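Asker: Below is one structure. I have some questions about it.
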Amino acid sequence: MSRKVAVIGMGHVGSTVAHYIVANGFADDLVLIDSNEDKVNADALDLKDAMPNLPYHTNIVVNDYSALKDAEVVVSAVGNIKLQDQPQADRFVELPFTRDAVKDVAPKIKASGFSGKLVVISNPVDVITSLYQKLTGLPKNQVIGTGTLLDSARMKRVVADKFNVDPRSVSGYNLGEHGNSQFTAWSTVRVLDQPITKLAAERNIDLPELDKESKLGGWYVFKGKKYTSYGVATAAVRLVNVILSDARTELPVSNFREEYDVYLSYPAIVGRQGIVEQSQLDLTEEELQKLQNSANFIKQKYNESL
Ligand SMILES: NC(=O)c1ccc[n+]([C@@H]2O[C@H](COP(=O)([O-])OP(=O)(O)OC[C@H]3O[C@@H](n4cnc5c(N)ncnc54)[C@H](O)[C@@H]3O)[C@@H](O)[C@H]2O)c1
């Protein structure tokens with residue numbers, strides 16, 4: 001069976017996802033879709049120009065929704081990032097735009113007969129993931145938001161810098177909304193093979209300060225270049241690869257949790273069928289309360305978006 005992936009929305013993020021996939025031969029077939037015909041055709045040509053110097057071949061199809069029918073994974077990176085370029089903006093300034101984009105894109109995905117996994121990057125990602133699930137009618141376990149996979153990576157960068165280790169030597173999760181109500185669940189974080197809470201107490205490290213730093217990571221990048229791309233694209237492609245290879249990897253992604261009745265980030269096992277099992281963390285009372293607050297916020301915003 002060939003590995004067929006589609007990217008819808010070929011802006012900064014979608015084109016970075018596409019390049020990462022093509023440069024590493026992660027897919028045999030790649031469908032690229034964008035309402036901006038000139039941009040998506042230019043990107044397709046540019047990617048084809050990369051191929052003679054790459055060790056892999058990828059078949060590229062442009063702006064053909066019917067090609068999604070037998071795709072394994074569709075990635076949504078539709079949006080309008082310029083809307084976030086204003087003082088005090090948060091990810092919700094994009095909601096009216098992305099909500100309308102989903103209303104345009106989701107019926108076309110559905111009409112194609114697509115029955116694979118939908119990976120959602122578009123912001124505000126937890127609300128948009130819910131909308132996609134509702135409008136495509138795909139099973140909940142097949143619609144997954146990148147969620148705090150990126151924020152957990154930012155947390156690992158901050159902790160790794162503090163302890164002077166590789167960020168891959170830090171484990172643990174940021175939970176809840178990919179947005180302001182998220183938080184680092186310090187009870188889950190380990191570094192130097194110790195709980196970070198123990199090390200922080202011994203070394204006088206201010207964990208709330210590290211939490212703030214990791215939360216601000218996205219804004220630091222955005223401030224400098226007016227978009228973010230490499231961190232999120234790498235997270236999204238990791239998720240795509242986990243699905244394609246049926247890896248059953250535990251990832252903090254936005255998935256539907258019955259007890260909160262909403263999509264939010266909480267670690268789950270991801271494989272070829274999408275979310276194949278949901279993890280259960282031993283969170284502290286304070287963390288449970290933060291997660292509930294984050295869930296309430298996402299749910300309120302989702303209900304307002306309908
Ligand atoms: N979840 C995360 O962690 C995360 C991180 C970074 C960015 N994002 C989000 O990803 C999205 C994309 O970011 P970006 O910087 O690439 O934005 P961008 O504005 O550069 O690109 C968005 C692309 O979507 C296309 N598009 C819009 N509506 C469409 C439609 N109905 N059909 C087809 N194509 C459509 C546009 O033509 C454009 O090329 C944004 O919503 C952004 O906020 C999410």
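The numbers here are math on the coordinates, done by the rules we state, and not lab data. Quick caveat: nothing in here was measured; it's all calculated off a predicted structure. Cβ coordinates were reconstructed from backbone atoms using ideal geometry, including for glycine residues, and neighbour counts include every protein chain displayed.
Asker: Scan region 94-149 residue by residue and report those that are over 21 Å from S35 (Cβ atoms), in contact with a Pro (Cβ under 8 Å, 6 or more places away or on another chain) and among the aliphatic types (A, V, I, L, M).
Answerer: Matches in region 94-149: L149 only.
Asker: Only one residue in A235, A185 is in contact with a Ser or Thr (Cβ under 9 Å, 6 or more places away or on another chain) and under 19 Å from V75 (Cα atoms), so which one is that?
Answerer: A235
Asker: Inside region 37-72, can you point out the residues that are assigned to a loop (DSSP other than H, G, I, E, B) and of a type in the set (A, V, I, L, M)?
Answerer: L54, A71, listed by residue number.
Asker: Can you name the residue in region 73-128 that is among the acidic types (D, E) and crowded, with 21+ Cβ neighbours inside 10 Å and is also farthest from the ligand (Cβ to nearest atom) among such residues?
Answerer: D126
Asker: Consider only pairs whose beta carbons are under 8 Å apart and that are at least six residues apart or on different chains; among these, list those whose first residue lies in region 1-12 and is of a type outside the set (G, A, S) and whose second residue is in a strand (DSSP E or B) and surrounded by fewer than 19 Cβ atoms within 10 Å (Cβ to Cβ).
Answerer: The qualifying pairs are R3/D29; K4/D29; V5/D29.
Asker: Would you mind stating whether I8 is farther than 20 Å from V242 by Cα and of a type in the set (A, V, I, L, M)?
Answerer: No.
Asker: May I ask you to verify whether A23 is touching a residue at least 24 places away in the same chain (Cβ under 8 Å), away from the ligand (no atom under 16 Å from the Cβ) and in a loop (DSSP other than H, G, I, E, B)?
Answerer: No, not satisfied.
Asker: Would you point out which residue out of R157, R203, R190, R168 is without any contact (Cβ under 8 Å) to a residue 12 or more places away in the chain and among the charged types (D, E, K, R)?
Answerer: R203
Asker: Are any residues in region 1-20 within 12 Å of the ligand (Cβ to nearest atom) and either assigned to a helix (DSSP H, G or I) or touching a helix residue (DSSP H, G or I) at 6+ places or on another chain (Cβ under 7 Å) (or both), and if so, which ones?
Answerer: Answer for region 1-20, where residues must be within 12 Å of the ligand (Cβ to nearest atom) and either assigned to a helix (DSSP H, G or I) or touching a helix residue (DSSP H, G or I) at 6+ places or on another chain (Cβ under 7 Å) (or both): A6, V7, I8, M10, G11, H12, V13, G14, S15, T16, V17, A18.
Asker: Looking at V127, V119, can you tell me which residue is among the aliphatic types (A, V, I, L, M), touching a residue at least 60 places away in the same chain (Cβ under 8 Å) and over 30 Å from T284 (Cβ atoms)?
Answerer: One residue alone meets the criteria, V119.
Asker: Please go through region 219-230 and give me each residue that is surrounded by fewer than 19 Cβ atoms within 10 Å (Cβ to Cβ) and in contact (Cβ under 8 Å) with a residue 12 or more places away in the chain, ordered by number.
Answerer: F222, K226, Y227, Y230
Asker: For the subset of region 235-260 comprising residues that are part of a loop (DSSP other than H, G, I, E, B) and not aliphatic (A, V, I, L, M), which member is surrounded by the most Cβ atoms within 10 Å (Cβ to Cβ)?
Answerer: My answer is Y260.
Asker: I'd like to check something: does region 246-254 contain any residue that is out of contact with any helix residue (DSSP H, G or I) (no Cβ under 6 Å at 6 or more places or on another chain) and among the β-branched types (V, I, T)?
Answerer: Among the residues of region 246-254, not one is out of contact with any helix residue (DSSP H, G or I) (no Cβ under 6 Å at 6 or more places or on another chain) and among the β-branched types (V, I, T), which makes the answer no.
Asker: In addition: Take P195 and decide whether it is surrounded by fewer than 23 Cβ atoms within 10 Å (Cβ to Cβ), touching a residue at least 40 places away in the same chain (Cβ under 8 Å) and away from the ligand (no atom under 16 Å from the Cβ).
Answerer: The answer is no for P195.
Asker: In region 11-62, what residues are under 21 Å from I121 (Cβ atoms), surrounded by fewer than 16 Cβ atoms within 10 Å (Cβ to Cβ) and of a type in the set (S, T, N, Q)?
Answerer: Of everything in region 11-62, those that are under 21 Å from I121 (Cβ atoms), surrounded by fewer than 16 Cβ atoms within 10 Å (Cβ to Cβ) and of a type in the set (S, T, N, Q) turn out to be N24, S35, N36.
Asker: Regarding L291, is this residue crowded, with 21+ Cβ neighbours inside 10 Å, more than 16 Å from the ligand (Cβ to nearest atom) and more than 14 Å from the chain's Cα centre (by Cα)?
Answerer: So L291 fits the description; yes.
Asker: Okay, next question. Does G224 satisfy the condition of being over 20 Å from A23 (Cβ atoms) and within 13 Å of the ligand (Cβ to nearest atom)?
Answerer: Spelling it out, it is not the case that G224 is over 20 Å from A23 (Cβ atoms) and within 13 Å of the ligand (Cβ to nearest atom).
Asker: Considering each residue of region 109-125, count those that are within 18 Å of G14 (Cα to Cα) and touching an Asp or Glu at 6+ places or on another chain (Cβ under 6 Å), and give that number.
Answerer: So the answer is 1.
Asker: Tell me yes or no: at least one residue of region 269-278 is closer than 24 Å to R157 by Cβ and small (G, A, S).
Answerer: Scanning region 269-278, I find no residue that is closer than 24 Å to R157 by Cβ and small (G, A, S), so the answer is no.
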